[in-house]
Amino acid sequence: MSEFPACPLCASPHTYPDIALIVCADCGHEWSGHVVIADQIADAAAVVKDAHGAPLCDGDAVLLVKDLKVKGSSIVLKKGTKVRSIRIVSGDHEVDCRIDGASFVLKAEFLRKC
């Protein structure tokens, strides 16, 4: 599979770079490579932020800012619980962590960086 984006006209994955353009091998369509750079910048801009707007990184320690009920369980994660060594993941629940030996995936909006 090509590391370049699919052709915007025919959706073919067979694309290649040619100086400053990206070319589709199937239909011959050429377009600017700036689209690829803009997509990479948008991905870099998707920084995970906590409840107060501080950026979160892998390995950070955070505190819960409110009580969270765990779906399908009677467990409640209490406000003020400190979580160490978080891991940032993709998806709507951005933070993977372990609390009291159990794995949880949490939304960053319920966390505060220590």
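The values are calculated or read from the model by the stated rules, or taken from the named source; none is laboratory data. Everything quoted here is computed from the prediction, not taken from an experiment. Every residue, glycine as well, gets a Cβ built from its backbone with ideal geometry; the counts of neighbours run over all protein chains shown.
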| task | Could you tell me which of the residues G72, G80, G91, G59 is within 21 Å of the chain's Cα centre (by Cα) and modelled with pLDDT of 90 or more? | result | G59
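For (1) in contact with an Asp or Glu (Cβ under 9 Å, 6 or more places away or on another chain); (2) free of Cβ contacts under 8 Å to residues at least 24 places away in the same chain; (3) not in a strand (DSSP E or B), each residue gets a yes or a no:
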site	(1), (2), (3)
H52	no, no, yes
G59	no, no, yes
K66	no, no, yes
G72	no, yes, yes
G80	no, yes, yes
S85	yes, no, yes
G91	no, yes, yes
D96	no, yes, no
